[in-house]
Amino acid sequence: MTINVNFFNYCQTQSSSTGVQPTESEVLAPMFVQDYYMDSRHSGLLRGTFRQCRIMGIPILTAFVPVAEEDYEQMVWWYNNSVNDYLKDYRKPSKNAPKISSWEAFTEKQDLPMIDDDIELYLFMDQFEFLKAKLAESNFQAPDILEMLFDGYENKEIFEKLGVQKSAGYKKVKNTQKEGLELYNKFNK
C-alpha cells in the first residue's frame, strides 16, 4: 500500500489523542472512533483531540495515536476498513432492519429505557411514510424513489430499478425530490 502524503502530513499536524507525544521513531496514525461518548478512562483517548469528517452526511470521528513508523501503513489500512465497515449499514438497506409499524410495536421492541433519539426517529419515519403515501397519489413511483434515496442508492441504481433511461430517470428523481420537499415544507410550517 502506498502512503497518501497529504493524509500523512495531515495526521502529523494533529494532537495526540493519547496525551503522549510521539517519539522521534514514531508518527501519528489515524484510528476510527465509533462512539464519541465512550469513557476516556477506559479508552485512554482524549475526546477533545478527535477530528470529524462527514461521509454521505454521516459523522466519522478520528483519533490520532502514536505508532512506530513501520506500523503506520497497517494502521491506515485498519482505519480504512473500520470506516468502511461502519458505513456498510448506511449504503444499502439492511435485510435484518426492524420494521416498526405502530407506536405500540415500537415501544414493545425497546429493552432499554427510551431516549429522545428513538422517539425522533419514530416520528421521522412516520412522517416519511405519510409523505410517500401523499406523493403516491400523483406519482405511483414516488414512494419507491424516495425509499431508494433514503437508503443511499446512487442515481444509476435507481434508474436500473425503475427501468428508465438516464435522462428520464434524472427527471423522475428530481421531480420526486422537489415534490417531496414542497409537501414536507407545506406540512411543517
Worksheet entry | Theoretical gain in end-to-end length, Phe128 to Glu70 [0.36 nm per residue, Cα-Cα removed] | 15.9 nm
Practice prompt. In nm, give the distance between the simple-model label positions of Asn4 and Glu137, each being 7 Å from the Cα along the Cα-to-Cβ direction.
Written response: 4.7
Worksheet item: What's the extension gain from Ser82 to Val20 if we count 0.36 nm per residue and subtract their Cα-Cα distance?
Response: 20.0 nm
Worksheet item: Which value in nm describes the separation of the simple spin-label points at Asn155 and Ser167, placed 7 Å from the Cα toward the beta carbon?
Response: 1.4
Fill in: Pairwise label distance in nanometres, Lys186 with Gln52, each label 7 Å out on the Cα-Cβ vector
3.5
Discussion item. For a 25 Å ceiling on Cα separation, which of these pairs sit above it: Lys88/Lys178; Lys132/Lys171; Lys88/Lys186; Lys88/Lys134; Lys88/Lys172; Lys166/Lys186?
Written reply: Lys88/Lys178; Lys88/Lys186; Lys88/Lys134; Lys88/Lys172; Lys166/Lys186
Item to complete: Place a +1 charge on the Cβ of each Lys and Arg in region 5-91 and a -1 charge on the Cβ of each Asp and Glu, then give the dipole magnitude about the Cα centre in debye, rounded to the nearest 20.
Response: 500
Item to complete: May I ask you to order 162-175, 60-73 by the average number of other C-beta atoms within 10 Å around their residues, highest value first?
Response: 60-73, 162-175
Discussion item. Net charge within 11 Å of Ile60 by Cβ-Cβ distance, Lys/Arg positive one each and Asp/Glu negative one each, not counting Ile60 itself?
Written reply: +2
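None of the figures in this text is laboratory data; all of them are computed from the coordinates on show. Just so you know, these numbers come straight off a predicted model, no measurement behind them. Every residue, glycine among them, receives a Cβ derived from its backbone with ideal geometry; neighbour counts consider all protein chains shown.
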